[in-house]
Amino acid sequence: MRLATRIAIWAAVLLPLLVLGTGALLLGLVTHDLRNEQDAKLADRAQAVLPDARALLTADLRGRTQVAENQHRKVLDAALDVGIRLDDASGAEVTSGGPLPPAAALPMPVGNGSGPVTVRSGGHSWRVLARQVNGAGPGTLWVAAPASAADPQVSAVRRRVILVALLAAPLSGLLAYGLARRATAPLSRLGRRAAALDPTAGAADFGHQRSGIGEVDELAAALESALARYDDQAARTAQALDTARSFSAAASHELRTPLMGLQTNLDVLSAHPDLPPIERAEILTDLRNDHRRLLDLLTALRTLARGDLVEQEAFGPLDLAEPVTAAADELRRRQRDLDLRIDLPSPAGTGGLRVYGWEAGLRIVCDNLLLNAALHGRPGRITVGAHRDGGAAVLTVDDEGPGIPQAQRAAVFDRFHRRPDSPGSGLGLTLVAQQVALHRGTVTVATGPGGRGCRFEVRLPLVSAEAPTLPLPARPDWIGAHASG
């Protein structure tokens, strides 16, 4: 059921009920006012009749028949449209006339200041006012009127209330339906626009214009926000698919050579079980090297895919000294004869070099830069330093190896690029470039201090009060944009 129809039905039901409730209250007020008017009328009649009743009672007690008859007529004439009864001190009726309840139901006067009371008898009710009469002898005067005298007015009011309620039901329903249709028109337009939305266009094609109705504009804003989140999720899903395709293509290409080598060596061992021990040992060594290369390659590819799919929630403020020190300690543990020097501003760390980063990603940068220096910089010293340069934290890794020619420096960040004699997978510096790009930084290659060796320099933006967080880049060409020679 449409909202406008629901509003019309509720209005058609509730408004007549409201009219009937108001009418019931009005009937009570009208009945009360009519009763007060009737009581005032009884009091006026009693006050008008009282002198003639006193004279009639005196004439009756003194036996003046002619006078009593005259006073009797005056009493009845003064009573007009009410019932009247006059008793003497013994309770004998002196005169009566008009609508009266039975004598046994008449109340005794409490005092001349008391008001009328309701008397019921035989299914009928009266309003009765009793007064004491003090003439030649005491007596009692009753003035009465049927309690139903006000019923015609009350019935007329009741009929009008019911008529108004019956007319209010359809009229209020139609009026409420028209107003509701007008009020919900922007909501209907919003629904039609949402239904006709091209799924491929997303939030950009929604284009809601403010309607001036708060609820509709809030709903439109919620829809735009949902569409924007959908677009973002769709983009990340597409990015994940691209990453999966890239991963599978790179893995199948790079794994082919070591797998073929493994297969060849296994075939040789299977076909020649009686190989000399020296040749057999050489084949086993090749198998172990191929196995290690496969493990290193798979680990690097997995880490690369992990970097492509990292979420914004993984980032936060951290001290650059922590991943630098952790990576250096790990490398020293593995290669105890390595000449590695850490040159940080203070023994406790870099202190103010706080960057907005992913801890695991910065550890990948430090691990791979130090491992690359250890592989290609021996037998000289490796120096790791960090310092502040304006609004950036600068991390440098220097070695005393053969260095990298100027023409080849940009290519070292390509996937699977390595020297012919390199034991690595060719993905270490690719991982460095990827993580630096995710952290909105740059990585450069230059000649080391003193004109020999190689220096890798990473620049990352520092955390500041104006920019406490940085959004992730939207799938950039991160090797070309954030790595240079």
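Only one entry in Glu69, Glu37 is in a helix (DSSP H, G or I), at pLDDT 80 or above, more than 30 Å from Tyr177 (Cα to Cα) and acidic (Asp, Glu), namely Glu37. Taking Leu100, is it touching a strand residue (DSSP E or B) at 6+ places or on another chain (Cβ under 8 Å), in a loop (DSSP other than H, G, I, E, B) and modelled with pLDDT of 70 or more? Judged against the criteria, Leu100 is a match. Among residues of the range 408-424 being at pLDDT 80 or above and hydrophobic (A, V, I, L, M, F, W, C), the one that is nearest to Gln434 (Cα to Cα) is Phe413. One residue stands out in the range 359-389 among those that are modelled with pLDDT under 85 and part of a loop (DSSP other than H, G, I, E, B): the one that is nearest to the chain's Cα centre (by Cα), namely Gly377. Kindly provide the set of residues from the range 130-145 that are crowded, with 18+ Cβ neighbours inside 10 Å and either under 30 Å from Thr31 (Cα atoms) or not assigned by TED's automatic domain parsing to the domain that holds Pro101 (or both), ordered by number. Selection gives Ala130, Arg131, Thr140, Leu141, Trp142, Val143, Ala144, Ala145. The numbered conditions (1) closer than 30 Å to Gly21 by Cβ; (2) in contact with a helix residue (DSSP H, G or I) (Cβ under 7 Å, 6 or more places away or on another chain); (3) modelled with pLDDT of 80 or more are all true for Ala176 except (3). The single condition among (1) of a type outside the set (S, T, N, Q); (2) under 18 Å from Asp319 (Cα atoms); (3) touching a Leu at 6+ places or on another chain (Cβ under 9 Å); (4) surrounded by fewer than 17 Cβ atoms within 10 Å (Cβ to Cβ) that Val384 does not satisfy is (4). Only a single criterion out of (1) under 45 Å from the mean Cα position of the chain (by Cα); (2) modelled with pLDDT of 85 or more is not satisfied by Thr430, namely (2).
The values are calculated or read from the model by the stated rules, or taken from the named source; none is laboratory data. Worth saying up front: this structure is predicted, and the values here are computed from it rather than measured. All Cβ positions, glycine included, derive from the backbone under ideal geometry; neighbour counts span all protein chains shown.
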